Every structure is written in structure tokens, then in C-alpha cells.
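Beneath this line is the structure, given in C-alpha cells, with notes to follow.
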Amino acid sequence: MSPYRHTGWRGAGLIVGSLVVSCLIASTAAWAQGKGKGKGGNQCQPDDNGGAELLSARLYMQKATDPKADSAEKVKDLKGAINALTPHEHIRNDVGQAYVLAEALSVWAAQPGAATTGTRGSFGFKDQPDGQVDILATDDSLLNRVQTAQPECADMVSRIRQEAYVPIVNHAIQQLNAGQYDSADASAKRALTIYKDSPYAYNVVAGVAVKRNDNAAAAAAYKQTIEKSGTDTSYTRLKTSAQYNFAVVTQALAEAATGADKKAKSDSAVALWRAYVAANPTDQNGKAGLSHALQVEGDTLSASALTTDMVSNPKKYTDVQIFRAAIAAARDDKQADAVKLFEAGLTLNPYFRDALYYVSTTYFNAGQQAKLFPVAKRLVEIDPSNPDNYQLLAGAYQIRAKADKSVAVKKADTDTLLKYFDKYKTMPVRLTVSKFDRESDKLTLAGTVQNLSESEKTYPLKFQFIDTTGAVVASQDAPPLTVPAKSSKDFTITVNQGGIAAYKYAPLE
């Protein structure tokens, strides 16, 4: 294989945009809908015949859920309802007590910024006021009691659970979208304390696991997202992206596995990709993922058919899809396929650095100087502080010099060859891009600057981001990077701009 060195493409990467989901619409107060027919036509009436305590609590709840009530009045009335229902041993209707108390706790948890743990007295409990309480766990226990006693109340119990769940999972989604992964994970798991039947919290947990590179946890959470989505058409978009991402992380687990476990996980990945492609036949990302999974599995015939289609009909695909397939082929030592795919991708995006480097190396090894010159020159133009690129440009002149008939022309080519080879050998700095992630209208670029000199240097990092025609669509400078002698430092740049196909930067001195 040619000495191709992959520098940061993510392979069959996640559709990260699928992690950015809209918030749920807050549910209406379930308690006021109270009675009604449950499953099988039976009446759900848990709070009937409850005596004075339940009557008092219901009156407090009416006031607490009045849209005209301000937050201070809500808290006061919710405390009143909780106070009226505790302790509950003397209350005639235990199920009714559990039902109304659960509703009070759900409405409390739904208030903006409301605490869900604290002393019992801070929530209005009369008994053991100094003890600690988790009102979501208590709410869950109360609702389990109601549903066990009156199965016909299952729908009502679900609505009460969602009363508390919706604002908490909305916060989790907002935190995930904002990149606050610890907070997102904690909120999603808190939401699951009270309601486990919605896919949104599991999707947040999966998204956080992806960001933490925990593919096993991500796979388990995506599986739950899919199962909880069921056949509900309101979850179609969420379920589709979860199915794709489940295949991606399972593929990653397969590639990291060894022995019999590798075969089992590879089989699972192929099955997931086949199911996804069958359900989404026009999604070329899915086809690229399946192609890579088949290559890893050893099914070269099926993988070759998709490669042939990408090479023959590149405009059916995006540059990302083709480059992703190319890198998968390169990783699997399918050099001929990789070259064809990289070349096909370059017809759509002529400035993608990894593709330029791979095909340049291949052209040099094959002695194809006519093909090598234009791609090596473009490589140096966009990535001027990576010595490896000058080695390839020197190689182009070396091949041509061997074929020169004129002494003068041969000397000129040899002199240029030596100039670029010397630059390759003596360049005092190396910039390497290790991450180039396009996510809708957001791009993240990261890399390393290595100071090869004998003294400390400060490097200004000035990047431009270009479209497929080479036009600059955005510019972004990173803070100057001071790097000690013979050392390196990392950098990251984030750009909020669509239409970016590649990058280039000003040479480092």
C-alpha cells in the first residue's frame, strides 16, 4: 500500500445533526382531566371518596394550575396540596392520595428551574420535614401504586409522568445542542427517573456517549431510542437517525473487536446497515456505510458493486459520501478502489486535502507525473506547512527530470526538485490537521503545530474555508500558538458557516 497517512476523516461518521432535536411541547395539566375512561372502557377514578384531605388538596391544585397564578402562588399552593396529603396513614383513599400527591409533585417538577431534591419540608411534606427526598423517585413510586391498583388509569398515569418529564428532557436536549454534555447526560437520566417510554431521553444519552467515544453505551442507548419510538409516526425522523447511528457505532465496535467477538459484531453491523438501506433506499450515506461494513466483513463482491456505482455516477452522491467510502477502502487495503473513489470525489470537491494526498502518493508510486503535477501543486497551495507535500512535489519533478531530453530542461527540473526536497527535509515547522468535521452549518477543524526548530516560536494561524470552486466563504484565525522548541501544541477552530468544502491557510514561518 502507498504510504498514505490518514489525517482525521471520520470514516462512516455519525449524522451529528440528528443529535440536535427540537424540544417537546409541554404537556397540559393531567390532574384536571382527572376522571375518564381508561383501557377497556373502565372508569379511572382514583381520587373519589377521599374525604376532607383529598378535597383540600384538589382545591390547592386548582389554584396551583390556574394560568393566572404567579410562580410564588404556585409554590405556595403546591406546598398546601402536599401538606394536606401527608402523612397519609389516616387518609381513607390511599390510591387517591397517591394520585393527587403524584400530580402535585409532577406539577412542581415542571416549574422552570424547580429543584427536585431537597428536604421534605421544603416541598411541604409534614412528616419527617428534615429528611431528604427526591420528588421524581417519589412520584414514580406513587404512580406505580396507582397503576397497580387501577390498571385502567394507565393513560392518565402516563400523562402525569410526562408533566414532569417534558421540561427536564427539554433541558437535556438544549444542553446537548449547546455542547454541555455532562449536564445533558444528567438531565436525560433524571428524565428517565419519572418516564421511560419516550425515545428522546435515550437519544440524548446516546448523543453524549458518542461525544465521549463510548460506543458501547451509545449503541445501547440508540437501541432503546429505536424501541421506544415503535411505530409512532411522530418519531419517524428521530427513529431514522437513531437507526443510522446505531449502525455506525456498532460498526465501530466491530472494528475495535478481536476474535469471535469481531465476527459477531461485524455480522450485527452488516445486518443493521442492510435494514437501514432497505428502509431508506435513497440515502447514499447508508449505502456508503453498508459498503464499508461489507468490506470489513469480507463480502467484496457486494462492496465492489457500490464502489463501481460511486465511480461511474459520482453526481448521485455527495463528496462526503464518496470520500468516506474511499477512506474505508484505504483502511481495508483496497488501494485500487480507494484511488478510484478519491478521484471520483475530487471531481465534486477538488480541494479535499486527504484525497489530494492519497492520489498524489499513488501517482508518484506509479510514475504518473502528468497526473501528479496538478494535484501536488494544489496540495502545497492549501496545506503549505506540511513537509510531506513538498516531498510529493519534488517527486513530480524527479519523474519529469528522468524523461527530459534537453540538458537545460533537465537541469531546471533537477534544481527545482532539489529545492522542494530541501524544503521537505529542513522545514522548521509542521502543521497537521487531524479533524475536519462538517455538521450542517457548523465546521470544526483541529490539528497540531509542531515546532521543529531549536528555539521557541509563536505561530499565527490564519485559515480560510473554501467551497468546491475554491472561492473563500469564511475566514477564521486561531489565537497565536506559542510552541517551545522541539515540541508541539494542538489547536481547534470552529466556524458557523454552510457551504464549506475544504480549507487552506497562510504558511507558517
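The values are calculated or read from the model by the stated rules, or taken from the named source; none is laboratory data. Remember, predicted model here, so these are calculated numbers, not experimental data. For neighbour counting, all protein chains shown are included, and Cβ atoms are generated from backbone atoms with ideal geometry for every residue, glycine included.
Out of the residues in the stretch 187-215 that are charged (D, E, K, R) and more than 16 Å from the chain's Cα centre (by Cα), which is surrounded by the most Cβ atoms within 10 Å (Cβ to Cβ)? Reasoning before the result, please.
We begin by selecting, within the stretch 187-215, every residue charged (D, E, K, R); these are 189-190, 196-197, 211-212, 214.
Those left that are additionally more than 16 Å from the chain's Cα centre (by Cα): 189-190, 196-197.
Numbers: Lys189: 15, Arg190: 22, Lys196: 14, Asp197: 12.
Only one residue tops the list, namely Arg190.
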(message) Looking at the structure I just gave you, is Tyr235 in the same structural domain as Asp309 (by TED's automatic domain parsing), of a type in the set (Ser, Thr, Tyr), free of Cβ contacts under 8 Å to residues at least 40 places away in the same chain and within 30 Å of Thr138 (Cβ to Cβ)?
(response) yes
(message) Six or more apart or on different chains, Cβ atoms under 7 Å: show the pairs whose first residue is in the stretch 95-115 and on the phi > 0 side of the Ramachandran plot and whose second is among the hydrophobic types (A, V, I, L, M, F, W, C).
(response) none
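Kindly establish whether Ala485 is over 22 Å from Pro374 (Cα atoms), in contact (Cβ under 8 Å) with a residue 24 or more places away in the chain and assigned to a strand (DSSP E or B). So that I can check it myself, show each step before the final result.
On the way: over 22 Å from Pro374 (Cα atoms): yes; in contact (Cβ under 8 Å) with a residue 24 or more places away in the chain: yes; assigned to a strand (DSSP E or B): no.
No: the conditions fail for Ala485.
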(message) Can you find, within the stretch 319-351, the residue that is surrounded by the most Cβ atoms within 10 Å (Cβ to Cβ) among those that are at pLDDT below 80 and not in a helix (DSSP H, G or I)?
(response) Lys334
(request) Would you mind finding the one in Val429, Val449, Val433, Val473 that is surrounded by fewer than 17 Cβ atoms within 10 Å (Cβ to Cβ) and aliphatic (A, V, I, L, M)? (result) Val473
(request) Answer yes or no: is there a residue in the stretch 147-163 that is at pLDDT below 95, assigned by TED's automatic domain parsing to the domain that holds Trp108 and in a loop (DSSP other than H, G, I, E, B). (result) yes
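Which members of the stretch 68-85 meet the condition of being in a helix (DSSP H, G or I) and either without any contact (Cβ under 8 Å) to a residue 40 or more places away in the chain or among the small types (Gly, Ala, Ser) (or both)? Give the derivation first.
We begin by selecting, within the stretch 68-85, every residue in a helix (DSSP H, G or I); these are 71-84.
Residues satisfying the conditions are Ser71, Ala72, Glu73, Lys74, Val75, Lys76, Asp77, Gly80, Ala81, Ala84.
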(request) Output yes when any residue across the stretch 352-373 is in a loop (DSSP other than H, G, I, E, B), touching a Phe, Trp or Tyr at 6+ places or on another chain (Cβ under 8 Å) and within 18 Å of Ile322 (Cβ to Cβ), and no when none is. (result) yes
